[in-house]
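Bear in mind these aren't lab numbers, they're just calculated from the coordinates by the rules spelled out. From a predicted model like this one, the values you see are computed outputs, not experimental measurements. Please note: Cβ atoms are built from the backbone with ideal geometry, for glycine as well, and neighbour counts cover all protein chains shown.
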Amino acid sequence: MSLMELKGITKSYRQGGLFGSKREISVLKGIDLNIEPGRCLGLLGASGCGKSTLGRLALGLEKPDKGGVFYKGQDLAQLSKEEKTLWRRNCQVVFQNSHGAVNPRYEAWRIVSEPLLNYGWVKEKLKPKAEELLASVGLDSTALFKKPHQFSGGELQRICVARALALEPEFIVLDEPVSSLDMLNQSLVLELLSNLKIRSGTAFLFISHDLRVILKMSDSLAVMKGGRITSFSDEISKLEDPNIPVDPTLRTLASAVLEAEPK
């Protein structure tokens with residue numbers, strides 16, 4: 001059974017002012033995707049193609065107009081209150097804008113332990129657990145009492161990753177998590193995420209417009225254009241083998257990226 005499954009997802013928004021006629025904008029047009037436990041699905045697409053909307057639907061932050069989002073075979077729309085609480089615990093997110101995703105007045109330990117506090121952890125245990133979580137993303141105890149403005153962009157994004165891992169979730173949506181970072185910090189965060197996936201068995205939906213970072217992180221790849229999945233590969237490693245038949249569009253894209261990589 002898939003950990004997460006999106007079936008026949010469609011989503012539209014109405015656009016228009018108070019005095020103008022409203023028109024309907026179709027953003028997603030019949031999306032079908034599966035995310036397996038312990039694997040990373042890369043979702044590639046240009047800005048405006050609908051990939052972030054799909055991420056919000058996968059998180060249960062919005063509801064589809066048609067179709068359903070399923071967690072371990074259960075439709076999110078049909079979950080009981082207790083089941084929704086468990087779902088929220090097992091599903092986390094890391095956003096693109098790390099500075100906008102944290103409270104600027106909180107110290108790092110408070111940012112990282114916020115999910116734990118929400119799920120009933122006693123305050124005395126929060127700082128030791130926060131120190132453990134920060135260590136897991138390569139930050140030592142000196143980071144505990146610093147505030148967001150005292151960190152680099154890469155360090156703050158690692159703090160956001162640590163927060164997402166606090167409740168040991170089964171599924172994390174990564175929405176352009178490295179696009180605002182320089183090349184060095186991109187590499188550091190991508191390596192961190194890859195190691196965490198292997199170590200923890202967490203499944204990821206990795207949303208990006210950059211095929212280069214998706215190839216480094218993901219196991220499978222879906223390409224979105226105009227609200228539809230236009231290309232798909234269930235195993236990115238197949239794209240490197242010319243003897244395995246795969247989507248020719250993906251092979252061409254991947255070949256261009258791989259050839260540009262430094263030897």
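Overview of values
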| item | result |
| --- | --- |
| Percentage relative contact order, segment 85-219, counting C-alpha pairs under 8 Å, at least six apart | 31 percent |
| Euclidean distance of C-alpha centroids, segment 153-208 and segment 14-75, integer Å | 21 Å |
| Sequence-separation-based contact order of segment 4-260, relative, with Cα cut under 8 Å and 6+ spacing, percent | 26 percent |
| Relative contact order for segment 153-235, counting Cα pairs under 8 Å that sit 6 or more residues apart, in percent | 26 percent |
| Extension gain (nm, one decimal) between residue 56 and residue 118, 0.36 nm per residue minus Cα-Cα | 20.2 nm |
| Mean residue ellipticity (222 nm) of the chain, computed from DSSP H runs ≥ 4 via -39,500 (n - 2.57), nearest 500 | -10500 deg cm²/dmol |
| Shape category assigned to the chain from the gyration tensor of Cα positions, a/c cut at 1.5 | oblate |
| Prolate/oblate/rounded call for segment 111-167, Cα gyration tensor, a/c under 1.5 rounded | prolate |
| R0 of 45 Å, Cβ-Cβ distance residue 191-residue 22: FRET efficiency to nearest 0.05 | 0.45 |
| Ranked 121, 87, criterion: other C-beta atoms within 10 Å, fewest first | 121, 87 |
| Calculated FRET efficiency for the pair residue 36/residue 243, C-beta based, R₀ 30 Å, to 0.05 | 0.75 |
| Within-12-Å neighbourhood charge of residue 24 [Cβ basis; K, R +1; D, E -1] | +3 |
| Lysine-lysine proximity count for segment 122-231, Cα under 25 Å, sequence distance 8 or more or distinct chains | 12 |
